[in-house]
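> Just passing along the structure, written as structure tokens.
Nothing in this text is a laboratory measurement; each read-out follows from the coordinates by a stated rule. Since the structure is predicted, the reported quantities are computational estimates derived from the model, not experimental observations. Methodologically, a virtual Cβ is constructed for each residue, glycine included, from the backbone with ideal geometry; neighbour enumeration extends over all protein chains shown.
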Amino acid sequence: MLKSKTSNILPMTFSVPEEGEYPVIMTTIHQGQIPIVVGVIDAGTLTDRSVVPRRDTRRKTGYQRDLTTARVNRLARELTERRVDLPTAVLLNVRDFDADEHLVEREGGVFFNPGTVELYVVDGQHRIGALEKLVQENPERWGSFAIPFVCMLGADERQEMREFYVVNSNAKSVRTDLALDLLKQQAESDKGVMDALIERGEDWKVKAQTLVEMLAGTTVWGNRIRFPRDAKGDTTISSSGMAGSIKSLLHTPYFGQLTTQNQIKILDAFWRGVRDVLPEVFADPSSYSLQKSVGVFVMHGLLISVLEYLRTKGASVIEPGAYAKALQDPLQNLQGDTTSGDLAQGADFWLAGPEGAAGSFSSGAGQRVLIARLKGALPVLDVE
């Protein structure tokens, strides 16, 4: 058979395959040592033939991690609801490869016939696990579902392990800020995406991203929030960091039930009130931690209690002055030790580096301690 002009790739056939055959493109990897075929296979055959080589550390065999049931169930549900597809190929291997048995060449094309041979899963076990679940539940609907595949022919376990390592060690997850940006755009144009997020309790991500984008247009946060591909410049916090800090607010009964427009009014008024109390911090935000991750998480954690205080007192929750009055003493009297043992208070507490005290509260536990201290310093409420 003649190869294409692009080197070692054999063209996919256009003739009709016989039962059990799959038209494929044939090429090689590892400098031509291992042949591979690329094509599309039905889910019924794939799930029936696939074998997942689980890692046995004691025997030093296998390499695959344990299947995550929740991940399989979620993917199966989303496939059923037609929210996702599976356009990327799974990576397989036929260890007991027999060219005469598994490859058919005729009419200028190549067909792959797996027969009863085992297809070892190198990459894609969760996709195959989800399809197996669906085929078992409804074989008529899902048995013929087509999924792209790449199959090595005759590689041994060591070579499979190498490919598994390459695929998984070089894979890089999408940055959180970019992921939230893309997720929001998808949810706005596809109701199914939002429905899936609600089912998983992750709809807050879209709501938070919306608020972050609106906050970036306010006077306090203009040019301070860093979005994907933005230069650091004068920014003090990433968009994903800001979104994460808003999560707790969205899960509260009051704030979480408000419209987005009212939520942004509250956030804007709150931060303007904080600025009125500590103006020097906002005049040079890069030198302080208040508009950085630790400060934002702490202040948004505190906002929940400040809102309840203002509502109980009958004060406006969209007036900066109301927040400034409530936060005057807690923020001005906030104290902490610097790394050199000196006392830092008020604006100085938030100084970045060794001159300030906020750095010692940067962990999740530290932030909770600082939130509790600020809550305890809020004006006392009387119940009538």
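> Using a Förster radius of 22 Å, what is the FRET efficiency between residue 38 and residue 167 based on their Cβ-Cβ separation? Nearest 0.05, please.
Details: r = 15 Å, r/R0 = 0.70.
Calculated value: 0.90.
> Let me ask you something else. Could you quote the convex hull projected area for segment 22-170, Cα atoms only and averaged over all directions, in nm²?
10.0
> Between residue 73 and residue 254, what is the label-to-label distance in nm when each label sits 7 Å out along the Cα-to-Cβ direction?
About 3.6 nm, to one decimal.
> Can you tally the lysine pairs in segment 168-294 where the Cα-Cα distance is under 20 Å and the two residues are eight or more apart, or on different chains?
Count of close lysine pairs: 13.
> A further question follows. For the modelled label position 7 Å from the Cα of residue 202 along Cα-to-Cβ, which residues of segment 223-260 have backbone nitrogen atoms closer than 14 Å?
It comes to no residues whatsoever.
> OK, next. Could you give me the ³J(HN,Hα) list for segment 52-60, computed from phi with Karplus coefficients 6.51, -1.76, 1.60 and θ = phi - 60°, whole Hz, x at Gly and Pro?
Along segment 52-60, the couplings run 9, x, 5, 6, 10, 5, 5, 8, 6 Hz.
> Taking the 0 to 90 degree range and rounding to the nearest ten, how far is the long axis of helix 125-137 tilted relative to the main principal axis of the chain, both from C-alpha atoms?
Once rounded, one gets 70 degrees.
> Provide the gained length on full extension for the span residue 380 to residue 312, in nm with one decimal, where the gain is 0.36 nm per separating residue minus the Cα-Cα distance. Intermediate values should be presented prior to the final figure.
Details: separation 68, 0.36 × 68 = 24.48 nm, distance 1.11 nm.
Answer, rounded to one decimal: 23.4 nm.
> What full-extension length gain, to one decimal in nm, is calculated for residue 188 and residue 286 as 0.36 nm per residue of separation minus the Cα-Cα distance?
Once the chain is fully extended between residue 188 and residue 286, it gains 31.9 nm.
> Give me the percent relative contact order of the chain, please, defined on Cα pairs under 8 angstrom at least 6 residues apart.
Details: 574 pairs, mean separation 45.8, N = 384.
With pairs under 8 Å counted, the relative contact order is 12 percent.
> Taking Cα centroids, how far is segment 38-114 from segment 211-240 in Å?
With segment 38-114 and segment 211-240 each reduced to a Cα centre, they are spaced 43 Å.
> If amide H atoms are built 1.01 Å from N in the plane of the peptide, which residues on other chains or at least 5 residues away come under 5 Å of the amide H of residue 51?
Sorted by chain and number, the residues that satisfy this are 119, 120, 121.
> P(r) tail for the chain, what percent of Cα pairs lie past 37 Å? Let's see the in-between values first.
Numbers: 33183 of 73536 pairs.
More than 37 Å apart: 45 percent of the Cα pairs in the chain.
> Roughly what % of DSSP beta bridges within the chain run antiparallel, to the nearest 5?
On the way: 29 of 39 bridges.
Percentage antiparallel, nearest 5: 75.
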